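Below: the structure, in structure tokens.
The values are calculated or read from the model by the stated rules, or taken from the named source; none is laboratory data. Note that this is a predicted model, so its numbers are computed, not measured. Cβ sites come from the backbone with ideal geometry, for glycine too, and all protein chains shown count toward neighbours. Just so you know, the surface numbers come from the protein's heavy atoms only, side chains and all, with ligands and any DNA or RNA stripped out. Shrake-Rupley method; radii C 1.70, N 1.55, O 1.52, S 1.80 Å.
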Amino acid sequence: MNTNPPKQLKNLSRDRLFWLALLAGPAVWLSLFLWLPGTSAGENSPVQWWRLLLLAGLYPLLEEWLFRGLLQPQLLTYRPLRTRLVGLTGANLLTSLLFGAVHLITQPPLWAAAVIVPSLVFGAFRDRYQSVVPAIILHSFYNLGYFLIFWPV
């Protein structure tokens, strides 16, 4: 049994776009913090580590497995959805719209719509590497920072 990562994943740590995507997380957190004062969790909110593990670990893993691991590759089997628009496949665009729609269950409409942008990033790296691993890493990192700063987890 081969336990080595796929060849393309070996280049992930040297991918400047991946590092830029990682750095986008703190830039967005800082922007939100400055733009929406009074929304941070605050110092008096003790972190509930089990909730943080769910929000930054399990949920991103399950969501990426479902959306980028199952749905997006299935959509890529349809030739029209392989077409790229500004570097994004139609499959990624459709997957991201569905991802945003599912977030309407737990989020107000504006926040649910806002998850479409990072979803497009996750999908772009899924297409780039033919793997959900980069998407899981990014999604977990984005959630970790967001929930540590803005939610009393």
Could you list all residues from the range 121-130 that are surrounded by 18 or more Cβ atoms within 10 Å (Cβ to Cβ) and either free of Cβ contacts under 8 Å to residues at least 60 places away in the same chain or under 16 Å from Leu75 (Cα atoms) (or both)? Phe122, Gly123, Ala124, Phe125, Arg126, Asp127
Taking the range 117-142, which residues are out of contact with any Phe, Trp or Tyr (no Cβ under 7 Å at 6 or more places or on another chain), closer than 18 Å to Leu23 by Cβ and not aliphatic (A, V, I, L, M)? Phe122, Arg128, Ser140, Phe141, Tyr142
Would you pick out the residues in the range 132-150 that are open to solvent by less than 20 Å² (accessible area, probe 1.4 Å), over 19 Å from Gly100 (Cα atoms) and at pLDDT 95 or above? Pro134
When you scan the range 75-120, how many residues do you find that are surrounded by 13 or more Cβ atoms within 10 Å (Cβ to Cβ) and either at positive phi or part of a loop (DSSP other than H, G, I, E, B) (or both)? 3
Members of the range 121-153 that are part of a loop (DSSP other than H, G, I, E, B) and polar (S, T, N, Q): Gln130, Ser131
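Let's see how each residue does on (1) aromatic (Phe, Trp, Tyr); (2) more than 16 Å from Ile136 (Cα to Cα); (3) at pLDDT below 95:
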site	(1), (2), (3)
Arg14	no, yes, yes
Ala24	no, no, no
Leu30	no, yes, yes
Leu36	no, yes, yes
Gln48	no, yes, yes
Thr77	no, yes, no
Ser96	no, no, no
Thr106	no, yes, yes
Result of the Cβ filter at 6 Å on the range 19-30, keeping first residues that are at negative phi and open to solvent by 40 Å² or more (accessible area, probe 1.4 Å) and partners that are in a helix (DSSP H, G or I) and of a type in the set (A, V, I, L, M), at least 6 apart or interchain, is none
